[in-house]
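Please treat every number below as a calculation from the coordinates, not as lab data. Everything quoted here is computed from the prediction, not taken from an experiment. Glycine also receives a Cβ, built like all others from the backbone with ideal geometry; neighbour counts cover every protein chain displayed.
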């Protein structure tokens, strides 16, 4: 399977929001993080999340990861 996309999440009528909706949610979260902790913290956090994704590591603690859907 291509690790860049997962067809299960890309169905137009599936249970997941569109990619545009995810971008809106991410923008809202980033704006909140900037207001609360500043731009440096926010950028560092997003970069760290991207690194974890690239390495295939979980972004959640062990208990949350055990019940989360498989990402790849």
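For this structure, a couple of remarks:
- Projected label distance in nm at residue 36 and residue 23, using a 7 Å step from Cα toward the beta-carbon: 2.5 nm
- Principal axis dimensions, largest first and in whole angstrom, of the stretch 15-66 by Cα: 32, 27, 20
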